[in-house]
1. Taking 8 Å as the Cα distance limit and 6 or more residues as the minimum spacing, I'd like the relative contact order of segment 273-336 as a percentage.
2. What nm value, rounded to one decimal, do you get for the distance between GLN136 and ASP190 when each label is placed 7 Å out toward the C-beta?
3. Placing unit charges on C-beta atoms (Lys and Arg positive, Asp and Glu negative, everything else neutral), compute the dipole magnitude of segment 271-349 about its Cα centre in debye, rounded to 20.
4. What is the order of TYR223, TYR32, TYR355, fewest Cβ neighbours within 10 Å to most?
5. To the nearest 20 debye, what is the magnitude of the charge dipole of segment 102-237 about its Cα centre, counting +1 on the Cβ of each Lys and Arg and -1 on the Cβ of each Asp and Glu?
6. Between 0 and 90 degrees, rounded to the nearest ten: what's the tilt of helix 223-246 against the longest Cα principal axis of the chain?
7. Mind putting a number on the dipole of the chain about its Cα centre? Charges go on the C-beta only, +1 for Lys and Arg and -1 for Asp and Glu, and I need it in Debye to the nearest 20.
8. What whole-number volume per residue, in cubic angstrom, does the convex hull of the C-alpha atoms of segment 60-158 give?
Amino acid sequence: MCIRDRFYSRTQIVVIFSSFLTTLLLGGLYFYLNKKNLQSLLLMGILIGFSFNFHASLKPVTFIILTIIFISEVIRKKIKNILFLLLSIIISFGPRLWFTSISIFFHTSRVSNHLNFDLFYKYFYSLGVWFLTPTQSFFKNNSPLISPLFFVFVLVSLIFIIFYKKTNFWLLTIILLSFSIPFSNSAVTDGLNFDHRLAPLFPISAILIGLGVDTLTNLISHYKLKFFFFFLLFFLFTYQTFCFFSQRQADVNWDNPFTQVDYLSMHLIYLISSESQNFSHNLCVHTSPSNFDYFYLPHVNEQYQFFLPEFSAKFISSSQIDDHTLIVDDCQQKTTNKIYNYKCGSKFDFKCPVYYQNNLNIHY
């Protein structure tokens, strides 16, 4: 697998787990609220503790669910159960408990430094990510989480819960999460509507859409109308899925101005890691002016620290170097006079940008 894909997959895997664990937590909460026995309580403790090991976007879900369970046990006056719950959380959280600081646990570095009167606007802008305001950051498609058409089903389910299921604590929890996550994961952070931070909303939106569909279906008594309604839904879901894949480019970064150097950097990391004996621990990497800014992006610096922890790299801009070439020396202009040359142009070559015809060169 390409180094570049391995690095960026960290965020994507975390996003998948944020969504997946939200599903498990909601399923576990449903099981607990129906059983309210020690087994379901311990299961929730294990799930909550395990979820604490993951991305900060999952923290609001875990804390809200933990609070609901805690209040439930206090009302039932089961103090011993609360102790069992806390113990199971500590055990499942594991060794990370010893070296996780408050700032790491809550990811406080991503909290906005400008929490002022704009917070009210930021919250409503973040709340609009359900169907109106765009997302940003990792996803190629910056559209809202769901289309306005499917948001109708969300509205139907919200009205149904508020007026007809207001004693159902599980459904009320979903409503609470649907309004609180845009605040905690977007409005108070350093970036509005960052899609990977809103991943817990995906299973919540699926539940609300499903409930809305079920509510409207039960209102249709005529068999043929109900069949037509299901057929229309099937067509809409199928069409949306088809458009998502058919309109997606083969390379997610095909229009990114840094695509070329992104791959060139990947080859550099691969070269240094595979031929470490030919490189000094203090490296100077000479690159073209147009590629220079790329190497000082925060996530790129982190990439080099992650894959090359024993090396220190300094990047230098040089107008004599073209965009598909790097020159690496020991900062004293000493090289081994070797050339790493990778020929691009193959249709199915995933180590080069799509449709890229130039070679990638590294002099070292």
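1. Details: 83 pairs, mean separation 33.8, N = 64.
Reported as a whole number, the value is 53 percent.
2. For the pair GLN136/ASP190, the computed spacing is 1.4 nm.
3. About 180 debye.
4. Least crowded to most crowded, the residues run TYR223, TYR355, TYR32.
5. Its charge dipole is roughly 280 debye.
6. Around 20 degrees separate the two axes.
7. Charge dipole of the chain: 1700 debye, to the nearest 20.
8. Working: hull volume 18.9 nm³, N = 99.
So the per-residue Cα hull volume is 191 Å³.
Each value in this text was obtained by applying a stated rule to the coordinates, not by laboratory testing. Small disclaimer: the values here were computed from a predicted structure and weren't measured. Using ideal geometry, Cβ is built from the backbone for each residue, glycine included, and neighbour counts are taken over all protein chains shown.
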